[in-house]
Amino acid sequence: MTVATSEHASFDSGSVFLTGLRKFFGIFGMINRRLLFSGCMLVLVVGFGVLGPIILGRDNPMKTVGGLYDPPSATLWLGSDNFGRDVFTQLMHGTRTSLIIGVIAGLEAILIGLLIGTMAGYLGGIVEEVLMAFTNVVITIPSIVILILLSIAISTRSIFAMGLIIGLTSWPWTARAVRAQTSSLRTREHVDIARLSGAGTLSLIIWEILPYMLSYVVMAFVLQLNTGILQEAALSMLGLGPSNTISLGQMLHWALLWESVRTGAWWGFVPPALFLTLIAFSLLLLQASVDEILNPRLRKR
Amino acid sequence: MSAHSSQVPLLETRDLQRAFGHGDHAVRAVERVSFSIQPGEIVAIVGESGSGKTTLARLLLRLLDSTGGRILLRGEDVTDLRRSNDLKAYWRKVQGVFQDPFAAFNQFYTNRRVLENALKLLNHGLPRQEHTQRIEAALREVGLDPADTLDKWPHQLSGGQVQRVMIARALVIGPELLIADEPTSMLDASLRVTVLNLLLALRKQHNMGIIFITHDLGQAYYVSDRILVMYQGELVEQGPVEKVFAMPKHEYTQRLLADVPRLRGA
């Protein structure tokens, strides 16, 4: 009977998260190299952005410490930018800003996506059609256009405001996937049992349906985080980045504006571009390897 | 049961219908089903898969809205109950047990939660100690040791035990009618009779009416007073068990009986 029970659990797609966690630690012995690699890289990047400025005591990325595009040296590890500011310090602060904006945007996108997706999927009928029509409309509008317009409309853009603006356009895919999962989960017997116990709609969604989507939500967040960081870079590069602070995209913006590419000052644009690539690459790799762990079908290959 | 037969039926349906989809593509899962059940009576609904049994169960449990006909509980129309409090009042009297006992549990919680949630339906403000007593009494009644069950996870129990926890859940609420949708079909053959006997005991102890939905004529014969035969969404035959088994009128019932040759001698 125990064999039958455990088999039942592993074939039930809803239990993917629990069995996935169990497998996660089991597999860790064999080492999923991609997970380990991407995880380490992310820890390094986050540590670099968050702890770097504190450890190295470089709290002001705007301080002038050299001349126009001084090449890398013993004191200026990555040279200086057009205003003679230390690129290495900027890189640390810029990484932190980009990560914070990404997290805010990612959280917001997940929350809106979950709200709209679960409501549409659970309530069905006319509510579902209206919400999904709205979602599809938002999908078809190119998000960069909305982002540019919104950014222009706000005169001083704080880090938080940037995150909010970006999250506002990236939720629709999450909403659609969540709706699909919810409408399949709501017909499960355990949801019926909870209804028979008098549970209200909100409590059903939170306690009976959401836990079964947890693994998906975590993965969607990683993807949304990635989208958020890249969107921020795109906006900042156009000169619509956060005011009075520095981000990776803004470093690229300055590098473009002050001709670092043409003058051959590679330290102006290579470090931020490389860091953006590194962050995006490790987030996508993390997402893919977590997916592999949670989804047995991918693992068998 | 004869003592009750003159009373208003416990539950009655009149031309109950449910169609999925619209127009020509509509699938009529339940088509003009009319029957009634008396307090303390056990009625079996028999039919092959796809005959609309589970849809009927969900209609009767008010988990699904009907597209026609009425449902009456003790003569009172409950077809259009929408408000949460009305539905809760209905579910205090009518409860269900489902086919797959493992799927009926939210696997992120221990067994205790499903039983405590059921108590919330009663809404009586009992002290916590009495909650526990009531839950433990229900578990003992279905033959489980509370200390050994409550803080375990569903997957740590066997299929038969889990199904008995589900029955205990209904028992905590103490309904007048229990709708059991194929409660035995996912269990080992040896455990089935335990669950069937439990249903019989519930009727005896609590005078609970039971609608027992099954595809197995043998189980229907064992447990029920009356049999309803369902075929393609319609009730094609109903009557006392012995009568239906001895003289099946509808052609589908005859085929059904022919598929269970050893029962013919019984």
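We did not get these values from a lab; they are worked out from the coordinates using the rules stated. Values in this document were obtained by computation on a predicted structure and should not be read as measured data. No Cβ is skipped: glycine too gets one built from the backbone with ideal geometry, and neighbour counts run over all protein chains shown.
Size descriptors for region A:18-300: radius of gyration and Dmax over Cα atoms are 22.0, 73 Å. B:Ala147 sits among other residues whose Cβ lies under 12 Å from its own Cβ, and their net charge, with Lys and Arg +1 and Asp and Glu -1, is -1. Among B:Ser190, B:Ser36, B:Ser66, the largest mean-square fluctuation in a Gaussian network model of chain B (Cα springs under 10 Å) belongs to B:Ser190.
Counting lysine pairs in the protein assembly as shown that sit 8 or more residues apart in sequence, or on different chains, and whose Cα atoms lie under 28 Å apart gives 15.
Could you list the square roots of 5 times each eigenvalue of the Cα gyration tensor of chain B, that is, the equivalent ellipsoid semi-axes, sorted largest first and rounded to whole Å? For chain B, the ellipsoid semi-axes come out as 30, 22, 18 Å.
Applying 0.36 nm per residue to the separation of A:Trp207 and A:Ser158 and subtracting their alpha-carbon distance, the gain on full extension is 14.1 nm.
Reported value for region A:163-301: 137 Å³ per residue, from the convex hull of its C-alpha atoms. For region B:213-219, backbone phi angles converted through the Karplus equation (6.51, -1.76, 1.60; θ = phi - 60°) give residue-by-residue couplings of 9, 7, 10, 10, 4, x, 5 Hz, Gly and Pro being listed as x. Label sites at B:Ser36 and A:Ile144, each approximated as a point 7 angstrom past Cα along Cα to Cβ, lie 7.2 nm apart.
Length available on full extension from B:Arg255 to B:Ser185: 0.36 nm per residue minus the Cα-Cα distance, which gives 23.1 nm. When chain B is treated as a Gaussian network with alpha carbon springs shorter than 10 Å, the biggest mean-square fluctuation among B:Val97, B:Val27, B:Val193 belongs to B:Val27. The protein assembly as shown gives an Rg/Rh value of 1.13, both radii derived from C-alpha positions and Rh following Kirkwood. What separates the Cα centres of region A:78-120 and region A:151-224 is a distance of 21 Å.
Here the extension length gained between A:Ala280 and A:Arg34 equals 87.1 nm, from 0.36 nm per residue of separation less the Cα-Cα distance.
Here the sum of -39500 (n - 2.57) over DSSP H runs of 4 or more residues, divided by the residues of the protein assembly as shown, equals -17500 deg cm²/dmol at 222 nm, to the nearest 500.
The trypsin sites (Lys or Arg not before Pro) found in region B:42-124 that occupy coil by DSSP, while having at most 12 further C-beta atoms within 10 Å, are B:Arg82, B:Arg83.
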